[in-house]
Structure formats: C-alpha cells, structure tokens
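Heads up, the thing below is written out as structure tokens.
Here, each number is a calculation from the coordinates, and none is a lab measurement. Everything numeric in this text was worked out from a predicted model, so none of it was measured. Cβ placement follows ideal geometry from the backbone for every residue including glycine, while neighbour counts extend to all protein chains displayed.
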Amino acid sequence: MKEIRIILALLLISLTITVTGKSIDIQVKELMMTSSTEIQRTILFFVATPNNAQSDALKIYKSKSTELLKEYGIKQIGSHEIKEQLVGKCSASFISYAEFPSIGAVKDVFNSDEYKALLLHRDRAFSSLNIYVAQPGITSQAITSNKELLVTIAAPKMAEQETLNTYLQGAHALSKEYGINPILTAKFPIVEQLFGNCPASFIAFAESDKEGNLKSMFESEQYQQLISLRDKAFNSAEVFLLN
C-alpha cells in the first residue's frame, strides 16, 4: 500500500502523520483522541497575557502556584516570551510548560483545595489565559535554539480534509523555500483544555535558519494566497514568534 507522509503544520505544523490504508481523517482523529489512560508523562502548557493592572494578584498567584506545583513534584521545563503574533486572534505574551508524572497528577493539582483558593487571584492576574494538557514530545527538556523560534497552536477541522491537505502542501513547500523547519522533538498533541476559549488540537514548534524569515514568509504574496484555505481548514489557528 502506498504510504503518504504529510507534515501537519499551520505553515509547518510539525505533527507528521503517516497514512497507510486508512483515510487521513481517521488517522488524525486517532491522534487527537488518544486515551488519557495511555499517557505516562504529561506536559501542561500555559499561554497567557498578564493583567498589568493587577500586579498584586499576579504576584500572589505566581508564588502560591509555584509552591503548589513543587509539592506535587511538578517539573518546570521552560518559558518563552512572545515577540509577535503572526496569525490568529487569541493574543498572548508568553508560553510556559511543565511536566507532570501523569494526567492524574494534573487533575489532582487543579482539583485541590489549595489551587481552588487561587482561582480568584488567577482570574484577576491574567487578561487572557489558556491551559492545555498535552502528550509529551520526544524530549521533555526546554525547547532551545540559536535560531528564530515559532510556535503554532491550532485545531484543524476534521470535515475539511481536502482543504487542509491543499493548504498543508502549499505551506510545507513555502516553508522549505524560506528555510523553516519543524523541531521534531517539540510536537505535542493536546489531550484536554483545562481553561480558556481558544481551542486547539496540538502545539508545535519550528525554527528558521535566518532571522526575519518567519515573518517574511507570512507577509509573502505566496502565503497570502493560502490564507483563505487556512481559514477554511482550521477551527482556530494561532502562530507566535518567540524571543
């Protein structure tokens, strides 16, 4: 049977999907609907914008939540400031991520009385906040690179496979032309969204060989021609350039 490899990326959403004798639709659904009971380690992503007018609430939430995570044995992995939003409407100024031993540990923390006592502070501390539970990438180390970094947070429409494929083919070819590559160890299928109003099925990181290429690609005439396909193919799509 013929094997078809597709890079599932918003321009290069770096989830590689192999289809062998099944439709792409089925393969994608299987990836996104993996049972949480099969997951050992779990990565929790915070994508947020602090409310500068509520600095006291932010200070309290950050201090108390950090202490609580330590009590539950949670490992903070990394954090990135967002330099610019290239695609999407769900604004954010940083993305951070931590490793939990299991999805059960995530539930224990967020259902604990200690965390519930912080909700008032959390709601005041952030002007925007989305919290995602994801399957881990190949590595649980901080995502670092001496190149320009990009993160994509998106949810493709399962009913728009043909449109999605057409968009991905064009975006993948264009990303190669601009020297933009997915970080293969940094692709995270999302299992559950714990908080927020920006739905997503995956989070994926990519890097550019040359500074400025990422933004140039999005501003290029070739990419502008793909926007109508992208908007039709995704329920939501956010792309951020990272510091």
**Q.** All lysines inside 16 Å of Lys89 as judged from Cα atoms, apart from same-chain residues fewer than 8 positions distant
**A.** Lys232
Q: For Val87, list long-range residues whose amide hydrogen, built 1.01 Å from N in the peptide plane, is under 5 Å from its own amide hydrogen.
A: Val239
Q: Could you list the trypsin sites (Lys or Arg not before Pro) in the stretch 88-140 that lie in coil according to DSSP, counting only those with at most 16 other Cβ atoms within 10 Å of their Cβ?
A: Lys89
Q: Once you have the Cα-Cα distance between Ala173 and Asn111, take 0.36 nm times their residue separation minus that, and quote the gain in nm to one decimal.
A: 17.9 nm
Q | Extension gain, Lys89 back to Leu184 (0.36 nm per residue minus Cα-Cα distance, nm) | A | 31.6 nm
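Got a sec? How would Cys198, Cys90 order by Cβ neighbour count within 10 Å, fewest to most?
Working: Cys198 22, Cys90 19.
Going from least to most buried by this count: Cys90, Cys198.
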Q: Take the alpha carbon gyration tensor of the stretch 48-123, find the square roots of its eigenvalues, order them as a ≥ b ≥ c, and report rounded if a/c is under 1.5; if not, report prolate when a/b exceeds b/c, else oblate.
A: oblate
Q. Under 20 Å Cα-Cα from Lys210, which lysines qualify once same-chain neighbours fewer than 8 residues away are excluded?
A. Lys83, Lys147, Lys176
Q: Treat the count of other C-beta atoms within 10 Å as a stand-in for reagent exposure and order Glu207, Glu221 from fewest to most.
A: Glu221, Glu207
Q | All aspartates and glutamates inside 15 Å of Lys64 as judged from Cα atoms, apart from same-chain residues fewer than 8 positions distant | A | Asp56, Asp113, Glu114, Asp123
**Q.** Virtual spin-label span in nm between Leu194 and Lys215, 7 Å along Cα→Cβ
**A.** 3.4
